[in-house]
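Asker: Structure provided below as structure tokens; questions to follow.
The values are calculated or read from the model by the stated rules, or taken from the named source; none is laboratory data. Source: prediction; values computed, not measured. In this analysis, Cβ positions are derived from the backbone assuming ideal geometry, glycine residues included, and neighbour counts consider all displayed protein chains. For accessibility, only protein heavy atoms count, side chains too; no ligands or nucleic acids. Shrake-Rupley method; radii C 1.70, N 1.55, O 1.52, S 1.80 Å.
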Amino acid sequence: LAVSVIRLAQRKTLVHELSCIETLARVDVLCVDKTGTITEADMDVDGVIPLAPEEYGDEKIAEILCAFYQNQEADNSTGKAMKARFTGTTYWKAVKSVPFTSATKWSAVDFGAQGAYLVGAPELILKADYEPLREQVEQLSSQGNRVLLLAQYDGELREELPGVVIPSALVLIRNKIRRNAPATFRFFAEQGVTIKVISGDNPVTV
């Protein structure tokens, strides 16, 4: 009986596989996620570029980001990468925090006397003032980096960000490409299948 059950299961698996192969033979567009599919799920901080080194040097940036991520829940892969990189102890206490959302693509923490800071997509934090940084951000993005902006913020923390935003640093986050991804995508290209990547990242990064 056990042998019969195993053989039946094997037949069902084979039928399922043949059905999948037949269906795949008709595919001409394949939509895939990026993180966890093309790339590994985990991310790493690859570098920090100060934008105002006289006021925000490496030590100051590390101090801010250490406090920022110790006062916020690291509830996504970017937050976890930042928290793993910027470690240590901090006496800064948040008086208000705004979590990251897919709509705003930034998060914020107000530390009272130490100031308020934003971390997120440069183009969405800076909006009309993004143009001076566009070329630098896009050049870094074209190398496969997810580029985050750290900025000081003077004003009320609302979705529209009506206050003054002062760019402080760019933080580079990198996803490692999965080992089998290049061969897989090369196969689909040779078969004439168009790949569409669905991602919340900047299109240049993707």
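Asker: At 1.4 Å probe size, what's the solvent-accessible area of I195? Round to the nearest 10 Å².
Answerer: Counting only protein heavy atoms, the figure is 50 Å².
Asker: Just how far, in whole angstrom, is segment 111-147 from segment 148-167 if you go by their alpha carbon centroids?
Answerer: Using only Cα atoms to place each centre, the spacing works out to 11 Å.
Asker: Okay, moving on. Extending each Cα 7 Å along its Cβ direction at R26 and T184, get the distance between those two points in nm, one decimal.
Answerer: Using points 7 Å along Cα→Cβ, the separation is 2.3 nm.
Asker: Taking a cut-off of 17 Å between Cα atoms, list the lysines near K93, but don't count ones fewer than 8 places away on the same chain.
Answerer: Correct list for K93: K60, K83.
Asker: Run the numbers on the chain and let me know its relative contact order in percent, using alpha-carbon pairs under 8 Å that are six or more apart.
Answerer: About 27 percent, as a whole number.
Asker: Once whole DSSP H runs in the chain are found, which of them have Cα atoms spread over 30 Å or more along the helix axis and a mean Kyte-Doolittle score of at least 0.5?
Answerer: Long hydrophobic helices here: 2-24.
Asker: Work out the length of the dipole vector of segment 27-161 about its Cα centre, built from +1 on the beta-carbon of each Lys and Arg and -1 on the beta-carbon of each Asp and Glu, and round it to the nearest 20 debye. Intermediate results must be reported in sequence, preceding the final value.
Answerer: Details: 12 positive and 23 negative charges, 76 e Å.
Rounded to the nearest 20 debye, it is 360 debye.
Asker: Lysines near K196 by alpha-carbon distance under 20 Å, same-chain residues fewer than 8 away left out - which ones?
Answerer: K34, K176
Asker: When the Debye formula is applied to the Cα atoms of segment 117-206, each taken as the same point scatterer, what base-10 log of I(q)/I(0) results at q = 0.11, 0.12, 0.18 Å⁻¹?
Answerer: Each listed q maps to, in turn, -0.43, -0.49, -0.84.
Asker: Among S168, S19, S102, whose mean-square fluctuation peaks in a Gaussian network model of the chain (Cα, cutoff 10 Å)?
Answerer: Its mean-square fluctuation being the largest, the pick is S19.
Asker: May I pose another question? Taking the Cα centre of segment 151-206 as origin and charging only Cβ (+1 Lys, Arg; -1 Asp, Glu), how large is the dipole, in debye to the nearest 20?
Answerer: Numbers: 7 positive and 6 negative charges, 128 e Å.
Magnitude of the dipole: close to 620 debye.
Asker: While we're here: To the nearest 10 square angstrom, how much accessible area does R85 have with a 1.4 angstrom probe?
Answerer: Surface accessible to solvent at R85 totals approximately 120 Å².
Asker: Okay, next question. In a GNM of the chain with a 10 Å cut-off on Cα contacts, which of E156, E135, E190 has the highest mean-square fluctuation?
Answerer: Fluctuation is largest for E190.
Asker: Taking the full set of protein chains and a 1.4 angstrom probe, give the accessible area of K176 in square angstrom, rounded to the nearest 10.
Answerer: The accessible area comes out at roughly 120 Å².
Asker: Grab the DSSP H runs of the chain that are 4 residues or longer, score each as -39,500 (n - 2.57), total them, divide by all residues and round the 222 nm result to the nearest 500 deg cm²/dmol. Intermediate results must be reported in sequence, preceding the final value.
Answerer: On the way: 6 runs with 71 residues, N = 206.
-10500 deg cm²/dmol, from helical runs alone.
Asker: Now for a separate question. Counting DSSP beta bridges with both partners in the chain, what percentage is antiparallel, nearest 5?
Answerer: Numbers: 31 of 37 bridges.
Among the beta bridges of the chain, antiparallel pairing accounts for roughly 85 percent.
Asker: Compute a Gaussian network model of the chain, connecting alpha carbons closer than 10 Å, and tell me which residue from A128, A25, A52 fluctuates the most.
Answerer: A25
Asker: Next up: Which of the listed residues, Q136, V95, G36, is farthest toward the dipole's positive end in the chain, when Lys, Arg count +1 and Asp, Glu count -1 at the beta-carbon?
Answerer: Result: G36.
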